[in-house]
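Let me begin by presenting the structure, written as structure tokens, before commenting on it.
Read-outs throughout are calculated quantities, based only on the coordinates presented, and are distinct from any laboratory measurement. Keep in mind that what you see is a predicted model, and the values were worked out from it rather than measured. Every residue, glycine among them, receives a Cβ derived from its backbone with ideal geometry; neighbour counts consider all protein chains shown.
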Amino acid sequence: MTYTPRDIAGLVAVITGATSGIGKETARLLVSLGCKVVINARGKDRLEELVQELGSDNTAYVAGDCADPAVARQISHLALEKFGKIDIVIPNAGIGMYGSILDYSDDQISQMLRTNIDSTIHIIRAALPAMIESGFGDIVIVASVAGFQSAANQAVYSGTKHAQVGIAAALDRELREKGVRVALICPAGVATEFAMGTGRTAGMEKLATYLKPEDVAHQIAHILQQPKSIRTFIWTLWSMNQQS
């Protein structure tokens, strides 16, 4: 018997943190699979470049901080206005700072908490009413293996990822009966701009051993292509060179 992945062509996805790394590659892949995407990040120039690459018929953007509830609602409003629905939400915006809990300023710590936790909550809150109304949808939260395995010099970062795990677990229980699936994608280190200058440096040799953003994007697509009759929750990803 042939097992056929679900066709996701025509679905509408909202992706935060979409101008580089995992978010950018996920937007590219979903459009190649026939999806429409609404992308968000702070950098307007990069968003415009990605819309130009993917086509304005397939893509729209909102520049701004999605940890702000008003910006999150603007993103969802644009998806509904331009494409008529929201089928997929991928909270991907995130930052990392490696070092002691004492190493960074109050503002830097608050920014990491806001970006990693608040943005996850608010983009889901903004998009969820439309998904519940349709009785259909997928939420794929981009977290980290740090949400399960805290390491030295990652106290605040790991705390934010543990928070995402808790958010996802509760939502999975809350939304399953309403037709909305919730999944956690939890990669180990990914070779992106993430944490550059706050624990990583450009060109560091270790990056070559990490996962590629395309690896994570394809796993997200795989989750979305599962038949609607099943749901899976936790996906951890490691490169062959990374120790679990």
Requested in this report: With the Cα gyration tensor of region 33-169 in hand, convert its eigenvalues to equivalent ellipsoid semi-axes via √(5λ) and list them largest first in whole Å.
Outcome: 29, 17, 13
Query raised in the report: What is the list of residues in region 163-187 whose amide nitrogen lies under 14 Å from a point 7 angstrom out from the Cα of Ile132, following Cα to Cβ?
Result: 171-181
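I need the Kirkwood Rh of region 1-107: take the reciprocal of the average 1/r across all distinct C-alpha pairs and report it in angstrom.
Evaluated over region 1-107, this radius sits at 14.7 Å.
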Query - Chain lengthening between Gln243 and Ala9 when straightened (0.36 nm per residue, less Cα-Cα) - result: 80.6 nm
Report summary line: Most packed first (mean Cβ within 10 Å per residue), the peptides 95-108, 205-218 order as 205-218, 95-108
Report summary line: Simple SL model, points at 7 angstrom along Cα→Cβ for Asp68 and Ile230; separation in nm is 4.2
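To one decimal place, what orientation-averaged projected area in nm² is obtained for the convex hull of the Cα set of region 24-73?
Values: hull surface 13.3 nm².
The directionally averaged projection comes out at 3.3 nm².
What FRET efficiency comes out for Leu80 versus Glu205 if R0 is 41 angstrom and r is the Cβ-Cβ distance? Round to the nearest 0.05.
Values: r = 46 Å, r/R0 = 1.11.
For Leu80 and Glu205, the calculated efficiency is 0.35.
Can you figure out the FRET efficiency of Ala155 with Asp57, using R₀ = 35 Å and their beta-carbon distance, to the nearest 0.05? Spell out each step's value before the answer.
Values: r = 45 Å, r/R0 = 1.28.
Once rounded, the FRET efficiency stands at 0.20.
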Query raised in the report: In nm, to one decimal, how far is the Asp107 label point from the Lys178 one, both placed 7 Å along Cα→Cβ?
Result: 3.7
Query - Set of lysines near Lys206 by C-alpha distance (under 27 Å), chain-local residues within fewer than 8 positions excluded - result: Lys24, Lys161
Query - Calculated over region 122-244: convex hull of Cα atoms, volume per residue (Å³) - result: 118
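For the chain, what mean projected area does the convex hull of the alpha carbons give, in nm²? Walk me through the numbers before you get to the answer.
On the way: hull surface 53.6 nm².
Average of the hull's projected areas for the chain equals 13.4 nm².
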Query raised in the report: Which three lengths, in whole Å and largest first, does region 118-169 cover when its Cα atoms are put on their principal axes?
Result: 44, 16, 13
Report summary line: Once both label points are put 7 Å beyond Cα along the C-beta direction, the Glu48-Ser20 separation in nm becomes 1.9
